[in-house]
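The values are calculated or read from the model by the stated rules, or taken from the named source; none is laboratory data. A quick note: this is a predicted structure, and the numbers were derived from the prediction, not measured. Neighbour counts are summed over all protein chains in view; Cβ atoms, including those assigned to glycine, are modelled from backbone coordinates with ideal geometry.
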Amino acid sequence: MDTCPTRGRPKPPAHQLHSLTSLRGLAALWVVLFHYSAIYFPRLDVGDYTSLIAKGYLAVDLFFMLSGFVMTHVYYRAFSESITKHYRNFLVARIARLYPLHLVVLLLFVATAFTSQLLLYIKTGSSQGIPLEGPRSFSALVANLFMLQGIAAGQLSWNYPAWSISIEFIAYLGFPFALPAIWRANAPVKFVITLFLIAAIGLLAFLTKDNFNQWDGPITLLRCLPEFILGTLLYSVYRSGSYNPFLRRDSVAMAILAAVFLTLHFGGPDFLIAFLFAGLILAAVSNSGVFARWLNIAPLLWLGDISYSLYLLHGFVQFLATKFLESFGFHDRSDLSPSLSLVLLTVMVAACLISSAITYWSVETVWRSYLRKFLGSDAHAVQPPAINNAGPEGSPELAILPQPK
């Protein structure tokens, strides 16, 4: 299998991080499998044998930490120099990265809903219309247009995975003001901040009885913000180099990976798994051995490239599948046999991957560049530090998101 990081892909610049592209791609696929098998097709629920799939909602917690890590890598120098000078370019870059695909998927939902109502009218002579309130309503459409759906996703989600990009954008608004203070803090202050973050995530575990699958309402901020800031501190640890010789070892990376898998398999505490993710990020970005080469294989890098599209589009594919099944009289998916459920799952995942590859090139890359030019953003105003270790690369300009219900 091809392990060359650049074959078939543009050669990445020296400032790109190692291995996080593949890690992000695997997390996005994990979310898809969680929604499709553990929730959508009840007959495919493997919860009696392993909790690996059922814990897939935790991929969002991994995404939030990755976002904090990568945004710090890209912007710590710029915002340490001047917040006012770089704030606008930062927001334009984030909007250009997140909004085009979000808007396209939203319009796909709206078009499908109108088409369904039109077909119903042609068939029966009556139409229910789009409601004014509730999920997939006119008010929800307005909220999604302004990326406010995350504040009450249960009532505002046309595309349910998109709750996290709304909440993460809230984190972006305050990030430039928090970053300089955190970055310049001495070790004792950073230690106190770390304790505060642990307490905040512990409060989330306490309030939810250790169920981090929180996607509706203000509690999502308690899930996102501490994990995002924790990603900033993780990058500070990485840049200090204090633990890099230790973290470069394959034995350390494999031990952390094994701990993550075993804890997930046996349904360990969400609180513990979140902090194991922190170790996994540091190991992935620091390793320069076999573990890095594994993460550097071309299919995983490709999966990471399309991960944002995969994350946002899988809800729409699920929406279409529901319409398809209902047209054949399947309103209760528990009526489907395990074999038929597995076939449909395979088709849906394949549809997600193919459509994500298309939208990555036709929507994400094209419109990101266009919006930056249109809004007058200087894409070269911020230059992240060079990273010289050998290993796979993950693009700091890719949104790292997103999840689940």
Checklist line | Filtered residues of region 272-289 (kept if out of contact with any Phe, Trp or Tyr (no Cβ under 9 Å at 6 or more places or on another chain) and modelled with pLDDT under 95) | finding: 287, 288, 289
Check: Taking the stated definitions as given, is residue 102 assigned to a helix (DSSP H, G or I), farther than 23 Å from residue 355 by Cβ and touching a residue at least 60 places away in the same chain (Cβ under 8 Å)?
Finding: no
Notebook entry, point to check: Is region 127-146 home to any residue that is of a type in the set (Val, Ile, Thr), farther than 28 Å from residue 88 by Cβ and in contact with a helix residue (DSSP H, G or I) (Cβ under 8 Å, 6 or more places away or on another chain)?
Noted result: yes
Notebook entry, point to check: Do any residues in region 357-378 that are more than 11 Å from residue 92 (Cα to Cα) have Cβ atoms under 7 Å from those of residues that are surrounded by 14 or more Cβ atoms within 10 Å (Cβ to Cβ) and polar (S, T, N, Q), where the two are at least six apart or on different chains, and which pairs are they?
Noted result: 359/309; 360/309; 364/309
Next item on the list: Scan region 180-195 and give yes if some residue there is out of contact with any Cys (no Cβ under 7 Å at 6 or more places or on another chain), of a type in the set (Ser, Thr, Tyr), at pLDDT 95 or above and assigned to a helix (DSSP H, G or I), otherwise no.
Entry: yes
Notebook entry, point to check: Would a scan of region 312-325 turn up a residue that is more than 26 Å from residue 46 (Cβ to Cβ), of a type in the set (Lys, Arg) and either touching a Gly at 6+ places or on another chain (Cβ under 8 Å) or in a helix (DSSP H, G or I) (or both)?
Noted result: yes
Next item on the list: Confirm whether residue 283 is under 25 Å from residue 51 (Cα atoms) and either touching a strand residue (DSSP E or B) at 6+ places or on another chain (Cβ under 6 Å) or surrounded by fewer than 14 Cβ atoms within 10 Å (Cβ to Cβ) (or both).
Entry: no
Next item on the list: Working only within region 18-48, note down all residues that are under 29 Å from residue 297 (Cα atoms) and without any contact (Cβ under 8 Å) to a residue 40 or more places away in the chain.
Entry: 30, 38, 46
Check: Between a first residue in region 292-311 that is within 16 Å of residue 63 (Cβ to Cβ) and touching a residue at least 60 places away in the same chain (Cβ under 8 Å) and a second residue that is crowded, with 22+ Cβ neighbours inside 10 Å and among the acidic types (Asp, Glu), which pairs have beta carbons less than 7 Å apart while being 6 or more apart in sequence or on different chains?
Finding: 308/364; 309/364
Margin query: Can you go through 170, 165, 182, 151 and tell me which one is buried (at least 17 other Cβ atoms within 10 Å of the Cβ), in contact (Cβ under 8 Å) with a residue 60 or more places away in the chain and farther than 19 Å from residue 318 by Cβ?
Written below: 151
Margin query: If residue 221 meets every condition in (1) modelled with pLDDT of 95 or more; (2) surrounded by fewer than 19 Cβ atoms within 10 Å (Cβ to Cβ); (3) not in a helix (DSSP H, G or I) apart from one, which number is that one?
Written below: (3)
Checklist line | Residues that are surrounded by 14 or more Cβ atoms within 10 Å (Cβ to Cβ) and either modelled with pLDDT of 95 or more or under 30 Å from the mean Cα position of the chain (by Cα) (or both), drawn from region 324-335 | finding: 325, 333
Next item on the list: Kindly provide the set of residues from region 117-164 that are among the β-branched types (Val, Ile, Thr) and in a helix (DSSP H, G or I), ordered by number.
Entry: 122, 124, 142, 151
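Each row is one residue, and each column tells you yes or no for (1) in contact with an Asp or Glu (Cβ under 9 Å, 6 or more places away or on another chain); (2) not aliphatic (A, V, I, L, M).
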residue: 260; (1), (2): no, no
residue: 274; (1), (2): yes, no
residue: 298; (1), (2): yes, no
residue: 316; (1), (2): no, yes
